[in-house]
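Below is one structure, written out as structure tokens; the observations come after it.
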Amino acid sequence: MEYKHFSHEHNLFIYQVPPGQQLQCSGCDKFCDKTIYACWQCKFFLHEHCGNATRYIRHPCHSSHYLILSPYPTYPSNSFLCNACGTNGSRFSYCCALCEVDLHVNCAFLPPKVTHKDHPHELDLKHSSQTGGHNEVCKMCTKSLDSKHWSYECRVCTNYGVHTSCATNEIKIGLYQMDDGSDTEPSDHGAPMTQPAAPTAHQGPSDGQVQVELTPMEALAILMGLSNAASYV
């Protein structure tokens with residue numbers, strides 16, 4: 001079965017990765033397992049969740065603009081700094097080029113709440129705007145916890161915060177889901193509202209507002225336009 005992804009010129013084929021074979025995802029740079037999309041000619045591989053990531057999302061960390069899925073960084077350095085985890089990326093990202101907001105694909109879909117074997121209470125996802133104004137220490141790995149980046153915090157225990165990577169190290173990498181099993185519903189706690197890949201404009205059923213939804217080519221045109229505009233600010 002062939003699959004066409006907007007970021008690659010050739011068709012991709014579904015491939016089952018056998019145990020022990022190491023293939024690196026061209027979307028997130030992490031190793032692939034189980035089912036992937038593959039172009040053997042170019043050694044281009046995508047996890048299912050990277051290959052199926054929606055083209056743009058409305059995320060509560062940046063509600064003023066849509067974040068558009070870009071197959072490459074929008075900066076001359078060919079890399080970006082993820083606003084969520086604080087680490088560099090050189091592959092896919094959800095970005096607002098006008099505001100220089102960038103998220104790894106996995107970070108964009110972090111679950112609003114998690115449980116972890118190392119802590120008895122549920123942990124809530126907090127964005128940088130919700131955390132304190134000083135550096136603290138992650139209660140799981142004891143390394144620095146920068147208030148500029150996202151963290152998971154306990155409502156019960158005072159000053160209990162952990163890195164997003166530490167809180168989710170027991171969770172399968174991918175498009176993390178809501179508690180009800182969906183990954184498309186908005187949440188006050190941090191899960192984004194996703195949009196389909198290539199829909200048309202429609203009127204929302206609840207608020208009556210028109211949501212302008214873009215085709216893939218229109219989304220890329222807007223992305224490049226914002227990138228060019230940002231370079232002159």
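The values are calculated or read from the model by the stated rules, or taken from the named source; none is laboratory data. This is a predicted model, so every value here is computed, not measured. Methodologically, a virtual Cβ is constructed for each residue, glycine included, from the backbone with ideal geometry; neighbour enumeration extends over all protein chains shown. Accessible surface areas use protein heavy atoms only, side chains included; no ligands, DNA or RNA. Shrake-Rupley method; radii C 1.70, N 1.55, O 1.52, S 1.80 Å.
Can you say whether THR74 is modelled with pLDDT under 90, among the β-branched types (Val, Ile, Thr) and over 22 Å from PHE31 (Cα atoms), as far as the supplied structure shows?
yes
Sort out which residues of the range 33-59 are open to solvent by 30 Å² or more (accessible area, probe 1.4 Å), of a type in the set (D, E, K, R) and in a loop (DSSP other than H, G, I, E, B), and write them in order of number.
ASP33, LYS43, listed by residue number.
Out of everything in the range 14-32 that is among the hydrophobic types (A, V, I, L, M, F, W, C) and surrounded by 14 or more Cβ atoms within 10 Å (Cβ to Cβ), what residue ends up being farthest from SER70 (Cα to Cα)? Before you say what the answer is, go through the steps one by one.
Within the range 14-32, the subset among the hydrophobic types (A, V, I, L, M, F, W, C) is 14, 17, 23, 25, 28, 31-32.
With the extra rule that they be surrounded by 14 or more Cβ atoms within 10 Å (Cβ to Cβ), the set shrinks to 17, 23, 25, 28, 31-32.
Numbers: VAL17: 26, LEU23: 22, CYS25: 15, CYS28: 12, PHE31: 20, CYS32: 20 Å.
Among residues in the range 14-32 that are among the hydrophobic types (A, V, I, L, M, F, W, C) and surrounded by 14 or more Cβ atoms within 10 Å (Cβ to Cβ), the one farthest from SER70 (Cα to Cα) is VAL17.
Assess whether TYR66 counts as being aromatic (Phe, Trp, Tyr) and in contact with a helix residue (DSSP H, G or I) (Cβ under 8 Å, 6 or more places away or on another chain).
So TYR66 does not fit the description; no.
So for the range 129-143 (the condition being at pLDDT below 85, of a type in the set (Val, Ile, Thr) and assigned to a loop (DSSP other than H, G, I, E, B)), does at least one residue qualify?
The answer is yes; a qualifying residue exists.
Looking only at the range 74-114, which residues are without any contact (Cβ under 8 Å) to a residue 12 or more places away in the chain and either surrounded by 22 or more Cβ atoms within 10 Å (Cβ to Cβ) or in a strand (DSSP E or B) (or both)?
Within the range 74-114, ASN88 is the sole residue that qualifies.
If only one of PHE13, PHE45, PHE31, PHE6 is more than 16 Å from the chain's Cα centre (by Cα), closer than 22 Å to PRO111 by Cβ and not charged (D, E, K, R), which one is it?
Step by step, each of PHE13, PHE45, PHE31, PHE6 is checked, and only PHE31 is more than 16 Å from the chain's Cα centre (by Cα), closer than 22 Å to PRO111 by Cβ and not charged (D, E, K, R).
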